[in-house]
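This report concerns only the one structure given below.
The values are calculated or read from the model by the stated rules, or taken from the named source; none is laboratory data. Here the structure is a predicted model, which means the values were calculated and not measured. Positions of Cβ are generated from backbone atoms using ideal geometry, with glycine treated the same way; all protein chains shown enter the neighbour counts. SASA here: full protein model, heavy atoms, side chains in, ligands and nucleic acids out. Shrake-Rupley method; radii C 1.70, N 1.55, O 1.52, S 1.80 Å.
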Amino acid sequence: MKQNRREFVWTAGAAAAAFAALQARDVQWTAEQIEEAGWEPGVEERRNSVCLVCPARCGIRGRTVDGRLVRITGNPFHPMSRGGLCPRGIGGVQVLYHPQRIAAPLLRVGVRGAGQWKSITSQEAVGLLTARLGQLRAAGRPERLAVAAGYCPGTMEDLWRQFLRAFGSPNYVADDYPDGTDAVMALMHGIPRRPAYDLERARLVLSFGAPLFEAWWSPVQAYGAFGRSAKGELSRRRFVQVDTRFSRTAARAHEWVGVQPGTHGVLALGLAYVLIKEQAFDAAFVARYVTGFEDSVDGRGRGEGYRSLVLKSYRTEEVSAITGVPVERIVTLARALADGPGAVAVCGADVLHARDGLLNGLAVHSLNVLLGNVGRPGGVVFGEDPPLAPLAPVQLDGPARIGAARKPIAAATAPFGQGEPASRFAAAVAAGGDSGVEALLVYYSNPLASSATPEAWRAALERIPLVVSFSPFLDDTARFADLVLPDLLPYERWQDAPTPSSYPYPVWGLAQPLVAPPARALHTGDALLAVASGLGRSVARSLPYHDFVTLLKARARGLFSARRGMTFGDEFERTHYRQMEERGWWLRQASDFETFWKDLVDRGGWADLMYDGADPARRARTPSGRIELMPDALRRALEPRGAGGEPWVAIRPSGGAVGTPQFPLRLMPYRVSTLSSGTLGLEAWVAEQPALFPDVHWVPWVEIHPATAAGLGLGDGTAVWVVSARGRYRARLKRSPGTAPGHVSAPYGLRHPGGELANPLQLLDGSTDPLTGLWAWFSTFVRLERA
């Protein structure tokens, strides 16, 4: 079905209605409390902690009555969230008291997947796991242990990696949220880290596909940046969303710029064309801190630089024809970027999940380099991790030294970044051969539901003799486990929670138990330390901690001795400490560690809110010490493409691709919330929150343009099958003028009330970006059938 780009518009009435519905949905009101006759208050407590439901790691405050958690609100001391909390955080009470929660370890007694279990004690479960892993080491095959872990930065990830290394395995498999921005920064800055964005001090935020207000690394950070500005300041700040659909984020933006899929980078370079042509870029910054902007001569002859390539290949009229953005709008947007300091371009995961995703991401970030907004207020910055004390030194015995030196099963195969390690791992294990895994430990990962290749994971699990899940719920993957050793829930356990790297400052949140855990449940950190102790010898000496809270206290000593930062405090305290550090002063809050630890627990964490933008290592760590617009590694990787293989002319927009008569509609997966392997179903109340539409709840949906729906004879609310060459799933159709004609916008992470999965990623055609290995989300075509 051929698209007419001019049809990709929305009416003011539709946008206003959607925005009004969203505004009402974002505010949670507390009903008036009326005391009933004979009612007496219980023992009430309030404790600060951290939300562990999604990567944002916002501060929370739990209210308990007689030992039961009755309400979760935001912790106003947390410097990033400052008392804000999204619906998922508020709905955490439903997770805590969910009837399907596993309160004791389960041992499989029937065939895998049959649901036949026997309840055992945590001591028995730890003993069984220790014995099986001990047999693996005794047989000289420690590398055949693997861990598949979801998003768990901080001490839990460090603990898993340390345990594996001491055991003798290189197979830590990250099944989290790869977005490719770390590869962009590694190439241009020599810093392999996701960038941070100083949104609070930005004058203009130009977001390329980043779902800042819905499924970004920290939506609360974005809400706070645009909602806490001083009076008068907010009216001078602008937020523009460049996106392929009218999303929740687009509804909150001052302006939405609709583009064709896979053309974000083309639009960015079209903006760069205007900046260069009108000499509106920061020439002084580029001359001092950047290489590759001008033409150069090297051993291969004369080479064109960024300036020449952009001026030659991205004329405004051509960019308009490719992206669908009018010429006038491109010029206006470029001039707005150049209209003073503090304009920043934010690169979202959607940009990099394309066949030329890395090149698109480099193009978007090149705008920040042109504007000189790197390491400056309101721009792109590179944060740092909290100065925690390291774990005890790893001690390797003979088997561990041999096993840890082997190549990881999920080793990266693309030139840049880690790509999709979980999918590579599953494919390698399913294929057999030398990639044998005899024990797999699964921690907050549910690949049978969240992976784009569940069939590979199912085949891999069938080949692995021992599968252990630490999920507190019987999710899709846990049902195929041999042993389930359920972790404590976030409101029952100790855990540290660093803020995501999108936040410019190092913050170490500390989650503490708000309620007592079930008697037979066990913290996964405690279980891992107990297994290490049971294995003995070098493994036990590498993890010499009595329990997980002892480990957290040992790490917190690094914060105490860092002579910087502060435990969480109110706005006055945060401002006071930051201003002192900017002037070279620092004031110790506690004279001894135990007092410091108590304050850390009571307030919810530690932060250092002073950023040293003058440090050149915060700008670039390349061999030249400068930001590279023409990285040699990238040029070498593009050489096989031949003509047109230069970094800034190699982008091949996927927006012009068309479907077939059998599959005429382009599939457009997107996130509705930062979902951890589809756990939204555990918070029933939140199932009413993520939709852009006020009348779509509980049932997964897909969005198509009204003209497309009319052409297919499908009405609003029709039950349909979304069918690709790989498979199908069931959803409810929703007409949306904010979706381009010929496209099917499909949220993922949702389930039907009966548990049936609706994951559009499992329909993808398998295309990837050859430079990063990330899945190409927008190259698949589908059809809709009545269900």
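Those residues that are in a helix (DSSP H, G or I) and either more than 16 Å from Tyr443 (Cα to Cα) or in contact with a His (Cβ under 8 Å, 6 or more places away or on another chain) (or both), I need them from segment 519-537; list them, please. Please lay out each step first, then the result.
Initially, segment 519-537 is screened for residues in a helix (DSSP H, G or I), giving 524-535, 537.
Answer for segment 519-537, where residues must be in a helix (DSSP H, G or I) and either more than 16 Å from Tyr443 (Cα to Cα) or in contact with a His (Cβ under 8 Å, 6 or more places away or on another chain) (or both): Leu529, Ala530, Ala532, Ser533, Gly534, Leu535, Arg537.
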For Met80, all conditions in the list (1) touching a helix residue (DSSP H, G or I) at 6+ places or on another chain (Cβ under 7 Å); (2) surrounded by fewer than 21 Cβ atoms within 10 Å (Cβ to Cβ); (3) outside any helix (DSSP H, G or I) hold save one; what is the number of the exception? (2)
So Arg728 fits all but one of (1) touching a helix residue (DSSP H, G or I) at 6+ places or on another chain (Cβ under 8 Å); (2) open to solvent by less than 10 Å² (accessible area, probe 1.4 Å); (3) at pLDDT 95 or above; what number is the exception? (2)
Among the residues of segment 324-339, is any under 20 Å from the mean Cα position of the chain (by Cα) and at pLDDT 95 or above? no
I'd like the full set of residues that are more than 16 Å from His743 (Cβ to Cβ), in a loop (DSSP other than H, G, I, E, B) and touching a Lys or Arg at 6+ places or on another chain (Cβ under 9 Å), limited to segment 760-787. Gly766, Ser767, Asp769, Pro770, Gly773, Ala787
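Would you call Phe596 surrounded by fewer than 17 Cβ atoms within 10 Å (Cβ to Cβ), of a type in the set (Phe, Trp, Tyr) and within 32 Å of the chain's Cα centre (by Cα)? Let's see the steps before the verdict.
Numbers: surrounded by fewer than 17 Cβ atoms within 10 Å (Cβ to Cβ): no; of a type in the set (Phe, Trp, Tyr): yes; within 32 Å of the chain's Cα centre (by Cα): yes.
The answer is no for Phe596.
Select from segment 584-612 the residues that are among the small types (Gly, Ala, Ser) and either in contact with a Lys or Arg (Cβ under 6 Å, 6 or more places away or on another chain) or modelled with pLDDT of 90 or more (or both) and list them in ascending order. Steps first, answer last, please.
Initial filter on segment 584-612 (among the small types (Gly, Ala, Ser)): 584, 590-591, 604-605, 607.
Within segment 584-612, Ala590, Ser591, Gly604, Gly605, Ala607 qualify.
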Tally time: how many residues in segment 53-77 are in contact with a helix residue (DSSP H, G or I) (Cβ under 9 Å, 6 or more places away or on another chain), closer than 27 Å to Val672 by Cα and part of a loop (DSSP other than H, G, I, E, B)? 6
All positions within segment 740-787 that are touching a strand residue (DSSP E or B) at 6+ places or on another chain (Cβ under 9 Å), open to solvent by 20 Å² or more (accessible area, probe 1.4 Å) and among the small types (Gly, Ala, Ser): Gly766, Ser767, Ala787
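Looking only at segment 370-390, which residues are farther than 30 Å from Leu337 by Cβ and open to solvent by 30 Å² or more (accessible area, probe 1.4 Å)?
Going through segment 370-390, the residues farther than 30 Å from Leu337 by Cβ turn out to be 385-390.
Correct list: Asp385, Pro387, Leu388, Pro390.
Is it the case that segment 93-102 has a residue that's closer than 14 Å to Gln221 by Cβ, among the aliphatic types (A, V, I, L, M) and part of a loop (DSSP other than H, G, I, E, B)?
Taking every residue of segment 93-102 in turn, none turns out to be closer than 14 Å to Gln221 by Cβ, among the aliphatic types (A, V, I, L, M) and part of a loop (DSSP other than H, G, I, E, B).
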Could you list, in sequence order, the residues of segment 423-444 that are open to solvent by less than 10 Å² (accessible area, probe 1.4 Å) and part of a loop (DSSP other than H, G, I, E, B)? Val437
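Could you grab me the full set of residues in segment 269-302 that are assigned to a strand (DSSP E or B) and crowded, with 16+ Cβ neighbours inside 10 Å? Can you show your working first?
Kept after step one, since they are assigned to a strand (DSSP E or B), are these residues of segment 269-302: 290-291, 296-298, 301-302.
Answer for segment 269-302, where residues must be assigned to a strand (DSSP E or B) and crowded, with 16+ Cβ neighbours inside 10 Å: Val290, Thr291.
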Scan of segment 127-146 for residues that are surrounded by fewer than 18 Cβ atoms within 10 Å (Cβ to Cβ) and among the aliphatic types (A, V, I, L, M), ordered by number: Ala131, Ala138, Ala139
Which one of the conditions (1) assigned to a helix (DSSP H, G or I); (2) modelled with pLDDT under 95; (3) open to solvent by 50 Å² or more (accessible area, probe 1.4 Å) does Ala114 fail to meet, given that it meets all the rest? (1)
With criteria (1) of a type in the set (Phe, Trp, Tyr); (2) closer than 21 Å to Leu388 by Cβ; (3) modelled with pLDDT under 95, Phe560 comes up short on (3)
What pairs come up if the first residue lies in segment 279-297 and is under 21 Å from Leu337 (Cβ atoms), the second is of a type in the set (Ser, Thr, Tyr), and their beta carbons are under 6 Å apart, counting only those six or more places apart or on different chains? Gly292/Tyr306; Phe293/Tyr306
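Quick check on my filter: what residues within segment 483-518 are part of a loop (DSSP other than H, G, I, E, B), of a type in the set (A, V, I, L, M, F, W, C) and under 23 Å from Pro387 (Cα atoms)? Break it down into steps so the answer makes sense when it comes.
Going through segment 483-518, the residues part of a loop (DSSP other than H, G, I, E, B) turn out to be 485-494, 499-506, 512-518.
Keeping just the survivors that are of a type in the set (A, V, I, L, M, F, W, C) gives 485, 488-489, 494, 514-516.
Listed by number, the list holds a single entry, Trp494.
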Read through the list (1) farther than 24 Å from Phe480 by Cα; (2) open to solvent by 50 Å² or more (accessible area, probe 1.4 Å); (3) assigned to a helix (DSSP H, G or I), then give the number of the only condition that Glu124 fails. (1)
Which count do you get for residues in segment 170-211 that are closer than 19 Å to Gly613 by Cβ and assigned to a helix (DSSP H, G or I)? 6
Restricting to segment 546-563, name every residue that is open to solvent by 50 Å² or more (accessible area, probe 1.4 Å), within 18 Å of Arg588 (Cα to Cα) and part of a loop (DSSP other than H, G, I, E, B). Ser561, Arg563
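Across segment 728-755, what is the number of residues that are in a loop (DSSP other than H, G, I, E, B) and in contact (Cβ under 8 Å) with a residue 60 or more places away in the chain? Can you show your working first?
Here is the first cut: in segment 728-755, the ones in a loop (DSSP other than H, G, I, E, B) are 736-738, 740-742, 749, 752-755.
Going one step further and asking which of them are in contact (Cβ under 8 Å) with a residue 60 or more places away in the chain, we end up with 736-738, 740-742, 749, 755.
Residues flagged as in a loop (DSSP other than H, G, I, E, B) and in contact (Cβ under 8 Å) with a residue 60 or more places away in the chain within segment 728-755 amount to 8.
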For segment 340-361, what are the residues that are open to solvent by 10 Å² or more (accessible area, probe 1.4 Å) and modelled with pLDDT of 95 or more? Cys347
Kindly establish whether Arg588 is part of a loop (DSSP other than H, G, I, E, B) and touching an Asp or Glu at 6+ places or on another chain (Cβ under 7 Å). no
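Please verify whether Arg401 is part of a helix (DSSP H, G or I) and open to solvent by 30 Å² or more (accessible area, probe 1.4 Å), treating the condition exactly as stated. Break it down into steps so the answer makes sense when it comes.
Details: part of a helix (DSSP H, G or I): yes; open to solvent by 30 Å² or more (accessible area, probe 1.4 Å): yes.
Criteria met by Arg401.
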Residue ID - modelled with the lowest pLDDT, chosen from residues in segment 614-637 that are crowded, with 18+ Cβ neighbours inside 10 Å and part of a helix (DSSP H, G or I): Arg618
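Being of a type in the set (Ser, Thr, Tyr), open to solvent by less than 10 Å² (accessible area, probe 1.4 Å), at pLDDT 95 or above and touching a helix residue (DSSP H, G or I) at 6+ places or on another chain (Cβ under 7 Å): is that true of Ser469 here? Show your work before the answer.
Working: of a type in the set (Ser, Thr, Tyr): yes; open to solvent by less than 10 Å² (accessible area, probe 1.4 Å): yes; at pLDDT 95 or above: yes; touching a helix residue (DSSP H, G or I) at 6+ places or on another chain (Cβ under 7 Å): yes.
Yes; evaluated as a whole, the condition is true for this residue.
Inside segment 404-422, can you point out the residues that are within 20 Å of Trp777 (Cβ to Cβ) and either assigned to a helix (DSSP H, G or I) or among the β-branched types (Val, Ile, Thr) (or both)? It would help to see each step written out before you state the result.
First, the residues of segment 404-422 that are within 20 Å of Trp777 (Cβ to Cβ): 412-414, 416-422.
Correct list: Thr413, Pro421, Ala422.
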From Leu543, Leu514, which residue is touching a residue at least 24 places away in the same chain (Cβ under 8 Å), out of contact with any helix residue (DSSP H, G or I) (no Cβ under 6 Å at 6 or more places or on another chain) and either open to solvent by 40 Å² or more (accessible area, probe 1.4 Å) or over 30 Å from Trp586 (Cβ atoms) (or both)? Leu514
